[in-house]
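Written out below as C-alpha coordinates is the structure these notes cover.
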Amino acid sequence: MSPNEAHDDHSATASELDFLRIDARALRGLAHPLRIRLLNALREHGPATASGVAERLGESSGATSYHLRQLASYGFVEDDPTLGKGRERWWRAAHAGTAFDSDLMHDADPEVRGAMGVVLHEVATIHAQELSTWLGTMHEWSREWYEGSSLSDFKIRLTPELSRELAEKVHELIDTYRGRVPEGTEGSAVVRTHLHVFPRRTD
(Lines give C-alpha, C1' and ligand atoms only; values in the text may rest on other atoms or scores of the structure.)
Protein backbone atom coordinates (compact mmCIF):
# COMPACT_ATOMS: atom_id res chain seq x y z
CA MET A 1 0.00 0.00 0.00
CA SER A 2 1.18 3.48 -0.78
CA PRO A 3 -0.33 6.85 -1.64
CA ASN A 4 -1.18 5.84 -5.20
CA GLU A 5 -0.45 2.14 -5.25
CA ALA A 6 -1.98 -0.95 -3.73
CA HIS A 7 -1.07 -3.92 -1.66
CA ASP A 8 -2.32 -6.80 -3.78
CA ASP A 9 -3.00 -10.50 -4.01
CA HIS A 10 0.06 -12.30 -5.38
CA SER A 11 -2.07 -15.03 -6.96
CA ALA A 12 -4.01 -12.78 -9.33
CA THR A 13 -3.09 -11.53 -12.75
CA ALA A 14 -3.08 -7.79 -13.37
CA SER A 15 -6.48 -7.90 -15.09
CA GLU A 16 -8.03 -9.88 -12.23
CA LEU A 17 -6.92 -7.64 -9.39
CA ASP A 18 -9.79 -6.07 -7.47
CA PHE A 19 -8.69 -2.88 -5.71
CA LEU A 20 -10.71 -0.79 -3.29
CA ARG A 21 -9.90 2.90 -3.84
CA ILE A 22 -10.66 4.51 -0.53
CA ASP A 23 -11.82 7.97 0.47
CA ALA A 24 -11.07 10.01 3.59
CA ARG A 25 -13.76 8.26 5.65
CA ALA A 26 -12.50 4.77 4.85
CA LEU A 27 -8.92 5.91 5.44
CA ARG A 28 -9.83 6.94 8.99
CA GLY A 29 -11.41 3.53 9.48
CA LEU A 30 -8.25 1.74 8.39
CA ALA A 31 -5.82 3.93 10.34
CA HIS A 32 -5.08 1.57 13.23
CA PRO A 33 -2.00 -0.69 13.34
CA LEU A 34 -3.98 -3.82 14.26
CA ARG A 35 -6.57 -3.24 11.53
CA ILE A 36 -3.83 -2.95 8.93
CA ARG A 37 -2.21 -6.15 10.21
CA LEU A 38 -5.56 -7.95 10.21
CA LEU A 39 -6.29 -6.93 6.64
CA ASN A 40 -2.79 -7.93 5.58
CA ALA A 41 -3.15 -11.33 7.27
CA LEU A 42 -6.48 -12.08 5.56
CA ARG A 43 -5.05 -11.16 2.17
CA GLU A 44 -1.88 -13.14 2.72
CA HIS A 45 -3.30 -16.26 4.39
CA GLY A 46 -6.96 -16.32 3.40
CA PRO A 47 -10.17 -16.42 5.48
CA ALA A 48 -9.95 -16.82 9.24
CA THR A 49 -11.96 -16.51 12.42
CA ALA A 50 -11.25 -13.79 14.95
CA SER A 51 -9.62 -16.34 17.25
CA GLY A 52 -7.58 -17.86 14.42
CA VAL A 53 -6.14 -14.57 13.23
CA ALA A 54 -5.62 -13.52 16.86
CA GLU A 55 -3.38 -16.53 17.39
CA ARG A 56 -1.43 -15.76 14.23
CA LEU A 57 -0.86 -12.15 15.24
CA GLY A 58 -0.37 -12.71 18.95
CA GLU A 59 -3.42 -10.64 19.89
CA SER A 60 -6.52 -11.30 21.98
CA SER A 61 -9.59 -12.63 20.17
CA GLY A 62 -11.64 -9.84 21.74
CA ALA A 63 -9.43 -7.21 20.10
CA THR A 64 -9.38 -8.91 16.71
CA SER A 65 -13.15 -9.47 16.79
CA TYR A 66 -13.78 -5.78 17.47
CA HIS A 67 -11.40 -4.51 14.82
CA LEU A 68 -12.65 -7.00 12.22
CA ARG A 69 -16.18 -5.66 12.73
CA GLN A 70 -14.85 -2.13 12.32
CA LEU A 71 -13.06 -3.11 9.10
CA ALA A 72 -16.29 -4.65 7.85
CA SER A 73 -18.20 -1.43 8.49
CA TYR A 74 -15.80 0.37 6.14
CA GLY A 75 -15.94 -2.32 3.45
CA PHE A 76 -12.46 -3.80 3.91
CA VAL A 77 -13.53 -7.29 5.09
CA GLU A 78 -16.70 -9.36 4.91
CA ASP A 79 -18.22 -12.60 6.15
CA ASP A 80 -17.25 -15.76 4.32
CA PRO A 81 -20.55 -17.70 4.24
CA THR A 82 -18.89 -20.79 2.77
CA LEU A 83 -16.94 -21.42 5.97
CA GLY A 84 -19.14 -20.25 8.83
CA LYS A 85 -20.63 -23.00 11.00
CA GLY A 86 -23.13 -22.16 13.71
CA ARG A 87 -21.85 -19.26 15.78
CA GLU A 88 -18.38 -19.47 14.25
CA ARG A 89 -17.83 -16.39 12.10
CA TRP A 90 -15.24 -16.46 9.32
CA TRP A 91 -13.84 -13.32 7.78
CA ARG A 92 -12.23 -12.69 4.41
CA ALA A 93 -10.73 -9.66 2.68
CA ALA A 94 -13.36 -7.99 0.52
CA HIS A 95 -10.81 -6.86 -2.07
CA ALA A 96 -7.41 -7.99 -3.32
CA GLY A 97 -5.83 -4.62 -2.65
CA THR A 98 -6.29 -1.12 -1.31
CA ALA A 99 -5.48 1.88 -3.48
CA PHE A 100 -4.94 5.40 -2.18
CA ASP A 101 -5.34 8.74 -3.88
CA SER A 102 -2.19 10.81 -3.33
CA ASP A 103 -4.43 13.84 -2.69
CA LEU A 104 -5.19 12.39 0.74
CA MET A 105 -1.63 13.17 1.84
CA HIS A 106 -2.29 16.85 1.11
CA ASP A 107 -5.86 16.96 2.42
CA ALA A 108 -6.86 20.18 4.18
CA ASP A 109 -7.98 18.17 7.22
CA PRO A 110 -5.00 17.37 9.48
CA GLU A 111 -6.83 14.28 10.77
CA VAL A 112 -6.91 12.85 7.26
CA ARG A 113 -3.20 13.53 6.80
CA GLY A 114 -2.54 11.96 10.18
CA ALA A 115 -4.54 8.86 9.26
CA MET A 116 -2.55 8.56 6.05
CA GLY A 117 0.66 8.75 8.05
CA VAL A 118 -0.48 5.98 10.39
CA VAL A 119 -1.32 3.67 7.49
CA LEU A 120 1.90 4.31 5.58
CA HIS A 121 4.13 3.93 8.63
CA GLU A 122 2.46 0.63 9.53
CA VAL A 123 2.90 -0.65 5.97
CA ALA A 124 6.57 0.34 6.12
CA THR A 125 6.88 -1.54 9.42
CA ILE A 126 5.34 -4.65 7.86
CA HIS A 127 7.79 -4.42 4.95
CA ALA A 128 10.71 -4.16 7.37
CA GLN A 129 9.45 -7.16 9.36
CA GLU A 130 9.09 -9.26 6.21
CA LEU A 131 12.61 -8.38 5.10
CA SER A 132 13.98 -9.13 8.55
CA THR A 133 12.26 -12.53 8.50
CA TRP A 134 13.88 -13.32 5.15
CA LEU A 135 17.34 -12.30 6.36
CA GLY A 136 16.94 -14.46 9.45
CA THR A 137 15.79 -17.54 7.53
CA MET A 138 17.48 -17.33 4.13
CA HIS A 139 19.98 -20.03 5.16
CA GLU A 140 17.01 -22.43 5.21
CA TRP A 141 16.35 -21.85 1.50
CA SER A 142 18.18 -23.40 -1.42
CA ARG A 143 21.15 -21.74 -3.08
CA GLU A 144 18.96 -21.15 -6.13
CA TRP A 145 16.48 -19.12 -4.10
CA TYR A 146 19.26 -17.15 -2.44
CA GLU A 147 20.72 -16.29 -5.84
CA GLY A 148 17.23 -15.39 -7.06
CA SER A 149 16.74 -12.85 -4.28
CA SER A 150 17.94 -9.27 -4.14
CA LEU A 151 18.64 -6.62 -1.52
CA SER A 152 19.55 -3.47 -3.42
CA ASP A 153 19.31 0.28 -3.20
CA PHE A 154 20.01 2.98 -5.76
CA LYS A 155 20.49 6.74 -5.77
CA ILE A 156 19.30 8.45 -8.96
CA ARG A 157 18.75 12.16 -9.61
CA LEU A 158 15.27 12.56 -11.10
CA THR A 159 12.43 15.01 -11.54
CA PRO A 160 9.03 14.22 -9.97
CA GLU A 161 7.77 13.21 -13.41
CA LEU A 162 10.65 10.80 -14.00
CA SER A 163 10.30 9.37 -10.50
CA ARG A 164 6.65 8.56 -11.20
CA GLU A 165 7.59 7.10 -14.58
CA LEU A 166 10.19 4.87 -12.91
CA ALA A 167 7.68 3.55 -10.38
CA GLU A 168 5.04 2.93 -13.04
CA LYS A 169 7.49 1.05 -15.26
CA VAL A 170 8.55 -1.21 -12.39
CA HIS A 171 4.90 -1.97 -11.67
CA GLU A 172 4.30 -2.75 -15.33
CA LEU A 173 7.27 -5.11 -15.31
CA ILE A 174 5.97 -6.89 -12.22
CA ASP A 175 2.57 -7.30 -13.89
CA THR A 176 4.22 -9.25 -16.72
CA TYR A 177 5.17 -11.95 -14.20
CA ARG A 178 1.69 -12.39 -12.73
CA GLY A 179 0.03 -15.68 -13.54
CA ARG A 180 3.12 -17.19 -15.18
CA VAL A 181 3.55 -19.82 -12.46
CA PRO A 182 0.35 -21.64 -11.40
CA GLU A 183 -0.27 -22.14 -7.71
CA GLY A 184 1.10 -25.48 -6.52
CA THR A 185 3.90 -25.61 -9.11
CA GLU A 186 6.76 -27.69 -7.73
CA GLY A 187 9.71 -25.59 -6.64
CA SER A 188 7.74 -22.34 -6.70
CA ALA A 189 7.14 -19.94 -3.83
CA VAL A 190 5.43 -16.64 -3.22
CA VAL A 191 8.02 -13.92 -3.81
CA ARG A 192 7.59 -10.68 -1.88
CA THR A 193 8.64 -7.60 -3.83
CA HIS A 194 8.72 -4.23 -2.07
CA LEU A 195 9.11 -1.00 -4.02
CA HIS A 196 10.05 2.24 -2.26
CA VAL A 197 10.66 5.28 -4.46
CA PHE A 198 11.09 8.59 -2.66
CA PRO A 199 13.21 11.77 -2.70
CA ARG A 200 15.81 12.66 -0.07
CA ARG A 201 17.19 16.04 0.90
CA THR A 202 20.93 16.36 0.38
CA ASP A 203 21.46 19.90 1.72
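For segment 65-82, which residues satisfy the criterion of being under 20 Å from G97 (Cα atoms) and β-branched (V, I, T)?
Residues of segment 65-82 under 20 Å from G97 (Cα atoms): 67-80.
Once the filter is applied, which keeps residues that are under 20 Å from G97 (Cα atoms) and β-branched (V, I, T), segment 65-82 yields only V77.
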- prompt: Where residues in segment 130-175 are outside any helix (DSSP H, G or I) and of a type in the set (D, E, K, R), which of them is nearest to S188 (Cα to Cα)?
  reply: D153
- request: Considering only segment 54-83, state which residues are more than 15 Å from R43 (Cβ to Cβ), surrounded by 16 or more Cβ atoms within 10 Å (Cβ to Cβ) and touching a residue at least 40 places away in the same chain (Cβ under 8 Å).
  value: Q70, Y74
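For the condition within 21 Å of the chain's Cα centre (by Cα) and surrounded by fewer than 11 Cβ atoms within 10 Å (Cβ to Cβ), what is the one hit in L173, L166, L195?
Working: L166 fails: surrounded by fewer than 11 Cβ atoms within 10 Å (Cβ to Cβ); L195 fails: surrounded by fewer than 11 Cβ atoms within 10 Å (Cβ to Cβ).
Step by step, each of L173, L166, L195 is checked, and only L173 is within 21 Å of the chain's Cα centre (by Cα) and surrounded by fewer than 11 Cβ atoms within 10 Å (Cβ to Cβ).
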- prompt: Within segment 149-160, is even one residue exposed (fewer than 10 other Cβ atoms within 10 Å of the Cβ) and within 26 Å of I22 (Cα to Cα)?
  reply: yes
message: When you check H127 against the structure, is it touching a residue at least 60 places away in the same chain (Cβ under 8 Å) and part of a loop (DSSP other than H, G, I, E, B), yes or no?
response: no
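Restricting to segment 95-114, what's the tally of residues that are in a loop (DSSP other than H, G, I, E, B), modelled with pLDDT of 85 or more and surrounded by 18 or more Cβ atoms within 10 Å (Cβ to Cβ)? Spell out how you get there, then give the answer.
Here is the first cut: in segment 95-114, the ones in a loop (DSSP other than H, G, I, E, B) are 95-96, 100-101, 107-109.
Filter once more, so that each one left must be modelled with pLDDT of 85 or more: 95-96, 107-109.
Within this subset, residues satisfying the condition of being surrounded by 18 or more Cβ atoms within 10 Å (Cβ to Cβ) are 95-96.
Residues in segment 95-114 being in a loop (DSSP other than H, G, I, E, B), modelled with pLDDT of 85 or more and surrounded by 18 or more Cβ atoms within 10 Å (Cβ to Cβ): 2 in total.
Taking the stated definitions as given, is R92 under 17 Å from L30 (Cα atoms), within 18 Å of the chain's Cα centre (by Cα) and of a type in the set (D, E, K, R)?
Details: under 17 Å from L30 (Cα atoms): yes; within 18 Å of the chain's Cα centre (by Cα): yes; of a type in the set (D, E, K, R): yes.
So R92 fits the description; yes.
In the set G136, G117, G86, which member is exposed (fewer than 11 other Cβ atoms within 10 Å of the Cβ) and modelled with pLDDT of 90 or more?
G136
With respect to R180, determine if the residue is more than 24 Å from G97 (Cβ to Cβ), assigned to a loop (DSSP other than H, G, I, E, B), charged (D, E, K, R) and free of Cβ contacts under 8 Å to residues at least 12 places away in the same chain. Let's see the steps before the verdict.
On the way: more than 24 Å from G97 (Cβ to Cβ): no; assigned to a loop (DSSP other than H, G, I, E, B): yes; charged (D, E, K, R): yes; free of Cβ contacts under 8 Å to residues at least 12 places away in the same chain: yes.
Judged against the criteria, R180 is not a match.
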- prompt: Failed condition for I22, given (1) surrounded by fewer than 17 Cβ atoms within 10 Å (Cβ to Cβ); (2) of a type in the set (A, V, I, L, M); (3) modelled with pLDDT under 95, with all others met?
  reply: (1)
field: V123 of a type outside the set (F, W, Y) and modelled with pLDDT of 95 or more
entry: no
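The values are calculated or read from the model by the stated rules, or taken from the named source; none is laboratory data. Predicted model only: the values in this text are computed from it and were never measured. Counting neighbours? That spans all protein chains shown, and the Cβs are built from the backbone with ideal geometry, glycine included.
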